[in-house]
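The values are calculated or read from the model by the stated rules, or taken from the named source; none is laboratory data. Note that the structure is a prediction, hence the values are computed from the model and not measured. Cβ: placed from backbone, ideal geometry, glycine included. Neighbour counts: every protein chain shown. Heavy atoms of the whole protein, side chains included, go into the accessibility calculation; ligands, DNA and RNA do not. Shrake-Rupley method; radii C 1.70, N 1.55, O 1.52, S 1.80 Å.
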Amino acid sequence: MIVIARLVLVEAARRRLVLAVIVLTLLAVALTAWGFSRIPTLTPRGLPPDQVRLVASQLVILVAFMFSFVLALSAVFVAAPSVSGETESGIALAVLARPISRASYLVGKWLGLAALLLLYATGSIALELIAVSLVVDYQPPRPLEAFAYLYGETLILLTLALALSTRASGMVGGVIALVLFGMAWMGGIVGGIGQAFDNEVVTHVGTVTRLVLPTDGLWRGAVWSLEPALFIAAARGPAVAANPFFASVPPPAPFLVWSALWIAAVLALGLWSFSRREV
Amino acid sequence: MSDAAVETVDLAKRYGRITALVGLTMRVERGSIFGFLGPNGAGKTTAVKLLLGLARPTSGDATVLGARIYDGRAHRESRRRVGYLPELFRYQGWLTAREVLAAHCALLGLDRARWDAAIGGTLVTVGLASRADDRVQTFSKGMQQRLGLGVALLGEPELVVLDEPTSALDPVGRRDVREIIHALKARGTTVFLNSHLLSEVERVCDQVAIVNEGRVLASGPLAEMVGPAETLEDRFIALVEGAR
């Protein structure tokens with residue numbers, strides 16, 4: 001299992017994926033830091049510090065959305081071809097003929113990819129928040145919780161794409177995972193509209209979507225963690241509830257338990273599928 | 001529990017409506033060099049995949065080094081003593097030859113203290129010592145097949161399964177493979193050689209089975225299979241065409 005996980009990390013480093021990600025992250029952080037540095041000069045007279053921090057708080061959420069999107073895409077791109085690519089090319093033949101169970105192989109892949117994405121998520125989010133803090137002296141209220149929600153969202157997509165990879169080609173599995181990710185995001189907005197207008201049926205659409213694929217629910221958790229308490233207290237009205245960049249409450253604990261169970265269940269489904277896969 | 005290196009009883013495999021193997025029954029004695037012969041599409045690679053747990057039989061039974069293929073844990077453990085060169089040989093292009101062998105040492109669970117000697121010796125045996133630290137993606141097909149042979153030889157296996165081991169090799173490479181197979185026999189290793197190159201088989205095997213359309217047409221010691229005035233190729237063609 002550890003051998004397989006280590007091979008995943010070596011592959012990412014040798015194929016220059018890690019280098020590309022580092023360069024692009026530094027570029028993204030530099031560009032957004034420049035953007036944040038312009039906030040005090042948005043008006044001819046300049047903005048007072050309180051308003052600078054308020055604008056920064058909302059921009060941090062938008063930047064977090066960018067990282068959430070990049071993490072989601074990265075999870076799908078690295079996981080969707082990870083098993084199917086090796087079975088199609090023949091690399092898996094020599095590996096699986098060894099005294100290694102299918103479960104060890106798949107869990108090894110999951111651990112390697114999860115470690116890779118953890119490194120990326122930690123590095124990119126920490127760098128961004130440090131840059132924002134240095135440039136406009138703003139720190140979001142719960143950065144570690146926000147990180148945990150974003151990483152949880154990434155793990156959900158990683159697990160889904162890896163499970164699909166046991167049966168579908170990288171291209172097919174990747175498209176399916178991304179379409180489901182987009183639908184879950186839209187489902188969250190639909191549910192918010194239902195809440196805003198007290199429409200039970202439409203609200204349930206959002207709830208069901210979040211249970212089927214918990215990515216949007218976790219994203220709302222990240223938004224809530226980044227939202228200053230004053231902003232939450234001031235926000236009201238139907239439009240706010242439907243806004244995908246606003247959350248007035250954190251995800252309930254049962255939803256977080258469900259998300260963890262979801263990962264375990266989909267990974268188990270992937271193991272069951274791969275144990276029956278002929279290579 | 002069978003004392004044969006490989007034993008199959010009525011082993012069958014169907015892929016939907018396509019029948020790849022029909023009631024394959026054979027026995028490979030320990031220490032022998034067993035030629036598993038047949039035309040393209042005869043079911044040779046399918047049989048190997050069933051024996052190594054890469055595919056599941058539709059019916060029938062088989063043992064590999066005494067372990068039933070249905071007995072998950074025992075069969076998995078038995079693969080610690082099996083080396084395998086697949087017909088579709090492909091290794092991680094982003095690793096060096098030495099690193100590929102090291103990864104397989106780890107997968108085999110070989111004692112870390114033995115890795116250097118095992119890897120170094122294997123690289124010399126398959127003629128890749130001078131390219132040990134080059135990435136596999138820079139290798140020719142023949143060199144990749146040599147590396148695959150090296151992977152199969154790691155850890156002094158009791159059974160080495162070679163699926164078309166000379167398909168990408170030049171005459172020098174083919175001679176090297178013959179010498180490696182003879183060295184394995186001298187050590188008491190069983191070699192299961194899947195091939196349709198009869199001249200190669202004739203030069204190294206002591207037992208053969210000829211299969212076609214998923215069935216064994218004939219099997220036995222090579223000397224008994226081929227008459228005094230015929231070659232293995234003559235016998236093979238007569239059997240395969242006679243079965244049509």
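Restricting B:T166, B:T190 to residues that are at pLDDT below 95, polar (S, T, N, Q) and touching a Ser or Thr at 6+ places or on another chain (Cβ under 9 Å) narrows the list to B:T166.
Checked against (1) part of a helix (DSSP H, G or I); (2) open to solvent by less than 70 Å² (accessible area, probe 1.4 Å), A:V279 passes all but condition (1).
Quick one: which helices (runs of 4 or more DSSP H) lie wholly within the range A:76-146 and hold at least 3 residues that are within 20 Å of A:I156 (Cα to Cα)?
On the way: elements: A:84-89, A:91-96, A:102-136.
Correct list: A:102-136.
Name the single residue that is nearest to the other protein chains (Cβ to nearest Cβ) among those in the range B:115-127 being open to solvent by 20 Å² or more (accessible area, probe 1.4 Å) and free of Cβ contacts under 8 Å to residues at least 40 places away in the same chain.
So, considering only residues that are open to solvent by 20 Å² or more (accessible area, probe 1.4 Å) and free of Cβ contacts under 8 Å to residues at least 40 places away in the same chain, the one nearest to the other protein chains (Cβ to nearest Cβ) is B:W115.
Filter the range B:33-63 for residues that are touching a helix residue (DSSP H, G or I) at 6+ places or on another chain (Cβ under 8 Å) and more than 11 Å from every other protein chain (Cβ to nearest Cβ) and give the result. Correct list: B:I33, B:G35, B:F36, B:L37, B:G38, B:P39, B:A62.
For every residue, the table says whether it meets (1) charged (D, E, K, R); (2) farther than 26 Å from B:A106 by Cβ.
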{"residue": "B:L154", "(1), (2)": "no, no"}
{"residue": "B:V160", "(1), (2)": "no, no"}
{"residue": "B:A186", "(1), (2)": "no, yes"}
{"residue": "B:N194", "(1), (2)": "no, yes"}
{"residue": "B:A209", "(1), (2)": "no, yes"}
{"residue": "B:R215", "(1), (2)": "yes, yes"}
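Return the only residue of A:L113, A:L134, A:L93, A:L117 being open to solvent by 40 Å² or more (accessible area, probe 1.4 Å) and among the hydrophobic types (A, V, I, L, M, F, W, C).
Details: A:L113 fails: open to solvent by 40 Å² or more (accessible area, probe 1.4 Å); A:L93 fails: open to solvent by 40 Å² or more (accessible area, probe 1.4 Å); A:L117 fails: open to solvent by 40 Å² or more (accessible area, probe 1.4 Å).
Answer to the check: A:L134.
Cβ separations smaller than 8 Å between residues 6+ apart or across chains give the following pairs from the range B:218-230 residues that are at positive phi to residues that are surrounded by 10 or more Cβ atoms within 10 Å (Cβ to Cβ) and polar (S, T, N, Q): B:G220/B:Q207.
Okay, residues lined up against (1) more than 11 Å from every other protein chain (Cβ to nearest Cβ); (2) among the small types (G, A, S):
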{"site": "A:V55", "(1), (2)": "yes, no"}
{"site": "A:V63", "(1), (2)": "yes, no"}
{"site": "A:S68", "(1), (2)": "yes, yes"}
{"site": "A:L71", "(1), (2)": "yes, no"}
{"site": "A:V76", "(1), (2)": "yes, no"}
{"site": "A:A80", "(1), (2)": "yes, yes"}
{"site": "A:T87", "(1), (2)": "no, no"}
{"site": "A:A94", "(1), (2)": "no, yes"}
{"site": "A:S101", "(1), (2)": "no, yes"}
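Being open to solvent by 60 Å² or more (accessible area, probe 1.4 Å), modelled with pLDDT of 95 or more and part of a helix (DSSP H, G or I) is a condition met by no residue of the range A:219-242.
Being crowded, with 18+ Cβ neighbours inside 10 Å and in contact with a Leu (Cβ under 7 Å, 6 or more places away or on another chain) is the filter; apply it to the range B:227-238 and report the residue that is nearest to B:V191 (Cα to Cα). Walk me through how you get there before you give the answer.
Start the filter on the range B:227-238 by keeping residues that are crowded, with 18+ Cβ neighbours inside 10 Å, which leaves B:232, B:235-236.
Pick out the ones that are also in contact with a Leu (Cβ under 7 Å, 6 or more places away or on another chain) and you get B:232, B:236.
Values: B:L232: 19, B:F236: 21 Å.
Among those residues, the one meeting the criterion is B:L232.
Of the residues making up the range A:1-53, those that are within 14 Å of chain B (Cβ to nearest Cβ) and of a type outside the set (D, E, K, R) number 14.
Within the range B:64-78, take every residue that is open to solvent by less than 20 Å² (accessible area, probe 1.4 Å) and not β-branched (V, I, T) and give me the one that is farthest from the other protein chains (Cβ to nearest Cβ).
Restricting attention to the range B:64-78, the residues satisfying the condition of being open to solvent by less than 20 Å² (accessible area, probe 1.4 Å) are B:64-67, B:75, B:78.
Now narrow it down to the ones that are not β-branched (V, I, T): B:65-67, B:75, B:78.
On the way: B:L65: 12, B:G66: 15, B:A67: 11, B:H75: 9, B:S78: 8 Å.
The extreme case among them is B:G66.
Here A:S124 passes the criteria (1) more than 14 Å from chain B (Cβ to nearest Cβ); (2) open to solvent by 10 Å² or more (accessible area, probe 1.4 Å); (3) not β-branched (V, I, T) except the one numbered (2).
Just name the residue that is nearest to the other protein chains (Cβ to nearest Cβ) out of those in the range B:84-114 that are part of a loop (DSSP other than H, G, I, E, B) and charged (D, E, K, R). Break it down into steps so the answer makes sense when it comes.
Restricting attention to the range B:84-114, the residues satisfying the condition of being part of a loop (DSSP other than H, G, I, E, B) are B:86-95, B:109-111.
With the extra rule that they be charged (D, E, K, R), the set shrinks to B:87, B:90, B:111.
Values: B:E87: 9, B:R90: 4, B:D111: 14 Å.
For the range B:84-114, the residue satisfying everything is B:R90.
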